[in-house]
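K.L.:
Let me begin by handing over the structure; questions about it come next.
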Amino acid sequence: MRLRIDCAYDGTEFSGWAVQPGLRTVQGTLEEALATALRVPQLRVTVAGRTDAGVHARGQVVHVDVDPDRVVAAAGRSTDPPLEALARRVDGILPADLRVRRVSEAPEGFDARFSAIWRRYAYRIADARAPADPLVRGHVLTWGRPLDIDAMNQASTPLVGLQDFAAFCKQREGATTVRTLLDLSWRRDTAGLVVGSVRADAFCHNMVRALVGSLIAVGEGRRPATWPAEVLTGRQRDSGVTVVHAHGLTLEEVGYPADEDLGAQAERARARREAIDA
């Protein structure tokens with residue numbers, strides 16, 4: 001059976017999502033806990049979106065294929081449904097900075113990565129107008145100058161849509177930098193923090209943090225509102241764009257189509273990926 005696992009983590013002490021020899025990663029930690037709970041030598045999960053070192057997640061999604069009998073056996077003497085019992089058992093094994101929010105049987109055709117139609121991130125900033133809170137310093141970028149949200153929103157609008165984000169991505173050989181940016185907006189929350197919300201079909205390496213860096217330059221008045229769009233059209237990395245720190249970034253949510261469309265979406269996305277890799 002295929003399981004969908006919704007999880008959350010504080011990325012501060014992780015070297016990113018993906019398994020790396022000798023390093024503490026989210027994937028490695030989760031896979032070890034699942035293997036222990038299910039009493040199997042090893043297993044491999046598939047994730048909706050890999051996060052970089054230091055990036056957090058509230059709404060990460062993975063899937064894993066397991067033997068149904070293993071799930072039942074893992075419940076032991078618990079009177080709770082097997083998947084609820086499995087979620088609690090895995091949480092009892094995991095460290096405090098990685099939690100399983102839910103384990104459910106995935107609908108037919110579900111693929112955590114290829115069935116996803118968008119990912120939404122938030123970037124949080126405490127600028128000079130927001131009181132710095134030391135209790136959230138690991139999740140919020142402290143910025144000593146005031147930011148003009150109206151200017152940042154004005155600069156964000158031309159970036160939305162199907163674009164080549166090569167100017168805001170760390171290039172990887174053979175990988176496309178074309179993405180569909182669905183939303184990019186800024187607001188102040190009730191605590192006074194500047195919160196950027198960005199949603200796209202997918203993101204390339206460093207894309208969100210580079211976009212935020214360019215928009216901060218607009219918000220503090222160092223650059224005009226037209227500058228990020230000018231950088232975008234240049235289609236090459238601009239030395240004036242700062243890639244901001246990872247700790248202000250959180251994966252908030254992953255979107256999927258209706259259950260009956262999951263398989264078709266996965267096939268389309270997988271075919272696009274195979275075409276790119278070829």
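K.L.:
Of the residues Thr79, Thr51, Thr36, which single one is buried (at least 17 other Cβ atoms within 10 Å of the Cβ) and of a type in the set (Ser, Thr, Tyr)? Working first, answer last.
P.N.:
Working: Thr79 fails: buried (at least 17 other Cβ atoms within 10 Å of the Cβ); Thr36 fails: buried (at least 17 other Cβ atoms within 10 Å of the Cβ).
Answer to the selection: Thr51.
K.L.:
Additional query: Restricting region 117-136 to residues that are touching a residue at least 24 places away in the same chain (Cβ under 8 Å) and out of contact with any Leu (no Cβ under 8 Å at 6 or more places or on another chain), which is farthest from Thr226 (Cα to Cα)? Full working, then the answer.
P.N.:
Residues of region 117-136 that are touching a residue at least 24 places away in the same chain (Cβ under 8 Å), as a first pass: 117-127, 129-131, 133.
If we keep only those that are out of contact with any Leu (no Cβ under 8 Å at 6 or more places or on another chain) as well, we get 117, 131, 133.
Working: Ile117: 29, Pro131: 29, Asp133: 32 Å.
Applying the filter and picking the extreme gives Asp133.
K.L.:
Determine whether Leu181 is within 23 Å of Ala271 (Cβ to Cβ) and among the hydrophobic types (A, V, I, L, M, F, W, C).
P.N.:
Values: within 23 Å of Ala271 (Cβ to Cβ): yes; among the hydrophobic types (A, V, I, L, M, F, W, C): yes.
Against the criterion (within 23 Å of Ala271 (Cβ to Cβ) and among the hydrophobic types (A, V, I, L, M, F, W, C)), Leu181 qualifies.
K.L.:
On to the next question. Here is a list: Ala132, Ala96. Which entry is assigned by TED's automatic domain parsing to the domain that holds Val208, in a loop (DSSP other than H, G, I, E, B) and more than 20 Å from Arg237 (Cα to Cα)?
P.N.:
Details: Ala96 fails: assigned by TED's automatic domain parsing to the domain that holds Val208.
Being assigned by TED's automatic domain parsing to the domain that holds Val208, in a loop (DSSP other than H, G, I, E, B) and more than 20 Å from Arg237 (Cα to Cα) holds for just one of Ala132, Ala96, which is Ala132.
K.L.:
Hey, another quick one. Which of the residues spanning region 43-83 are assigned to a loop (DSSP other than H, G, I, E, B), among the aliphatic types (A, V, I, L, M) and in contact (Cβ under 8 Å) with a residue 24 or more places away in the chain? Step through it out loud before you land on a result.
P.N.:
First, pick out the residues of region 43-83 that are assigned to a loop (DSSP other than H, G, I, E, B): 43-45, 48-55, 66-67, 75-81.
Retained after the next criterion (residues that are among the aliphatic types (A, V, I, L, M)): 43, 45, 48, 53, 55, 66, 75.
The answer is Val45, Ala48, Ala53, Val55, Val66.
K.L.:
While we're on this one: Can you pull out every residue in region 170-212 that is surrounded by fewer than 17 Cβ atoms within 10 Å (Cβ to Cβ), among the aliphatic types (A, V, I, L, M) and without any contact (Cβ under 8 Å) to a residue 60 or more places away in the chain?
P.N.:
Hit for region 170-212 is Val178, nothing else.
The values are calculated or read from the model by the stated rules, or taken from the named source; none is laboratory data. Values in this document were obtained by computation on a predicted structure and should not be read as measured data. Every residue, glycine as well, gets a Cβ built from its backbone with ideal geometry; the counts of neighbours run over all protein chains shown.
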